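Here is the structure we will look at, set down as structure tokens.
Please treat every number below as a calculation from the coordinates, not as lab data. This structure is a prediction, so every number in the text was calculated from the model and none was measured. Cβ placement follows ideal geometry from the backbone for every residue including glycine, while neighbour counts extend to all protein chains displayed.
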Ligand code: PLP
């Protein structure tokens, strides 16, 4: 193996899912609150558009940065949802949002560079920063700041070596959302470092329970140094279609397009036609999905707060609850493992999202209210017996 492989991390959600499935194969019942994917069907008009596209022959290679009409539809959508002007040339369509992270870091960071990323945050950021040999510089996401970082701390981390700043709002795993004032502070700090590019991961931009989505790219002077990551996986319940995109300045879309040619050639043609239907078609499916997530959020947050030793803030966006479990006396990983083994509830340790996730668990509420309720009941029942079997935290 190449040495770089030893530096490549992973996304624990897929590992926990595999363990949960293995338990199910042995006949155990498992409540799945680990994986971050909407359990809704992709809207009918999108599925129909894909079937039609296959019949019409959209089954061949297309251009690496995406079909011209798909780039145009994304440019229109990004412009409309962020109030910025976007040219189709400033769009690259990708097989998912993840490749945007992969390609942005590959294109921009190298040994000697520093990349600032949220901790706890989506694990692929740190994994990829390490893989390319750049230095990961975590910025602490703090519960006491409404699951945001302290913009003052950002100004102490930015340096002449910083190449990239990764933001994620609404955030995985905390559900935190960057406020307008915070973005304002970030923009001010960045003015002193014109060489820093921002990767703004906005994959949950539509899964928001309060206020509006704010993209840092909308601030004066920021679009020129910003990569917007968004996609179809979460908004349109299209995780398995593998379709996402980057909105970025032309030199970066050209670099990502070159990487695409070297990697996957192009995104699948018929999924892009379906993506156009998703962006330009009726949006009521998104609204009703978010309304349902809100109900589930309220059920899970209340249920978690009723558990001894758990305290859970109400997430503002995305579909994750991130309860503080310090009072239980368990480390995150031991409690997450025990809940799967003893209660049959699959969730993730906060540490799956970085060292600063210690003391937390992540529950995805992309599951039905009845499943959420039976998961909560199983945890409540199992907790007293767990305390006997698991050593308490030493610190
Ligand atoms: N960014 C964040 C913060 C995510 O949580 C995810 C998926 O869980 C992605 C990006 C990747 O999305 P996709 O499935 O479109 O690759």
Where labels lie 7 Å past Cα in the beta-carbon direction, separation of residue 76 and residue 262 in nm: 3.4 nm
Largest-first principal axis extents of the Cα set of segment 44-280 (Å): 56, 39, 29
Residue of 111, 99, 170 that the Gaussian network model of the chain assigns the largest fluctuation, springs spanning Cα pairs under 10 Å: 111
Rounded, prolate or oblate (a/c below 1.5 giving rounded, otherwise prolate when a/b exceeds b/c) for segment 182-329 by Cα gyration tensor: oblate
Per-residue Cβ neighbour rank within 10 angstrom, fewest leading, 327, 334: 327, 334
Förster radius 35 Å - calculated FRET efficiency between residue 371 and residue 47 (Cβ-Cβ, nearest 0.05): 0.90
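Could you please rank 37, 212, placing first whichever residue has the fewest other Cβ atoms within 10 Å of its Cβ?
Values: 37 18, 212 9.
Ascending number of Cβ neighbours within 10 Å: 212, 37.
With the cut-off at 1.5 for a/c, could you classify segment 1-155 from its C-alpha gyration tensor as rounded, prolate or oblate? Could you put the intermediate results ahead of the total?
On the way: a/c = 1.59, a/b = 1.14, b/c = 1.39.
Oblate, since a/c reaches 1.5 and b/c is not below a/b.
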Shape call, segment 192-266: gyration tensor on alpha carbons, a/c limit 1.5: oblate
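Can you sort 245, 77, 204 by how many other beta carbons sit within 10 Å, fewest first? Before the final figure, lay out the partial values.
Numbers: 245 32, 77 21, 204 25.
Least crowded to most crowded, the residues run 77, 204, 245.
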Degrees between helix 12-25 axis and first principal axis of the chain (Cα, 0 to 90, nearest 10): 50 degrees
For segment 273-304 and segment 8-25, distance of Cα centres in Å: 25 Å
Helical contribution to [θ] at 222 nm, DSSP H n ≥ 4, -39,500 (n - 2.57), averaged over the chain, rounded to 500: -12500 deg cm²/dmol
Peptide ranges 247-254, 366-373 listed from the most packed, as the mean C-beta count within 10 angstrom indicates: 247-254, 366-373
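Over all alpha-carbon pairs in the chain, figure out the percentage whose distance exceeds 32 Å. Intermediate values should be presented prior to the final figure.
Working: 26640 of 77815 pairs.
When all Cα pairs of the chain are counted, 34 percent exceed 32 Å.
Please sort 48-56, 114-122 by packing, taking for each peptide the average over its residues of neighbouring beta carbons within 10 angstrom, highest first. Kindly include the intermediate steps, with their values, before the conclusion.
Details: 48-56: 15.1, 114-122: 24.7.
Put in order of decreasing packing, that is 114-122, 48-56.
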Folded to 0 to 90 degrees: helix 68-82 orientation relative to the chain principal axis, Cα: 60 degrees
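Cβ neighbours within 10 Å, averaged per peptide: list 6-14, 231-239 in order, most packed at the top.
Details: 6-14: 14.6, 231-239: 24.3.
Output ranking for 6-14, 231-239: 231-239, 6-14.
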